[in-house]
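The values are calculated or read from the model by the stated rules, or taken from the named source; none is laboratory data. Treat the numbers as computed from the prediction; the structure is a model and nothing was measured. Please note: Cβ atoms are built from the backbone with ideal geometry, for glycine as well, and neighbour counts cover all protein chains shown.
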Amino acid sequence: MTLKLKLLVIISILLQSWGLAAQQSTVEQQIQEASRVYEQALTQKNEPLLKSILADNFILTTASGKILTKKDMMLNLTKEGTKYDKFESSEVKISVLNDAAIETGKVHTVGIRAGMKIAETTRYTDFWVKIQGKWLLLAEHSSFIPNP
């Protein structure tokens, strides 16, 4: 193999890997945006927005061990004693495989749940799927982080 041919092969491989990295980055940005929309729907009590971001067969395992469906989430959103003021996410990591993505992280939540003030920190795992060109939240699991 000549030096020019070797260089062409190396450059071609590098360009392909950069293209994949850029594509991965774009998908990660789409997941981050979908996650932001999810949090926005919860803090603004926006029923149409929440309905649009959750898959029809969505399931949540809460940090306290309860199982909630999309219908449960919609009902909880409209409850008088529930109001989320803010979500502060950190340590977010996103792994993508085709039309599926796993988002993990830590979130500090402030608000009112069941009429009681909350300020809690949990670890979460969100499972996103791309359905008809749109990223939807299919499953979520959260676990309390013990206070030090």
Residue in the stretch 51-83 that is nearest to Lys106 (Cα to Cα), counting only those that are touching a residue at least 40 places away in the same chain (Cβ under 8 Å) and among the hydrophobic types (A, V, I, L, M, F, W, C) = Ala63
ask   = For Gly105, are the conditions met, namely being part of a loop (DSSP other than H, G, I, E, B) and without any contact (Cβ under 8 Å) to a residue 40 or more places away in the chain?
value = no
note = Within the stretch 93-116, the residues that are of a type outside the set (Gly, Ala, Ser) and loosely packed, with under 13 Cβ neighbours inside 10 Å are Lys93, Leu97, Asn98, Asp99, Met116
inquiry  = What are the pairs with Cβ atoms under 6 angstrom where one residue, in the stretch 32-50, is closer than 18 Å to Tyr124 by Cα and the other, located anywhere, is surrounded by fewer than 17 Cβ atoms within 10 Å (Cβ to Cβ)? Sequence gap at least six, or different chains.
reply    = Ala41/Leu49
query = Quick one: is Thr78 polar (S, T, N, Q) and modelled with pLDDT under 95?
reply = yes
inquiry  = Restricting to the stretch 113-148, name every residue that is outside any strand (DSSP E or B), of a type in the set (Gly, Ala, Ser) and free of Cβ contacts under 8 Å to residues at least 24 places away in the same chain.
reply    = Gly133
query = Which members of the stretch 50-92 meet the condition of being in a helix (DSSP H, G or I) and surrounded by fewer than 16 Cβ atoms within 10 Å (Cβ to Cβ)?
reply = Lys51, Ser52, Lys71, Asp72, Met74, Leu75, Thr78
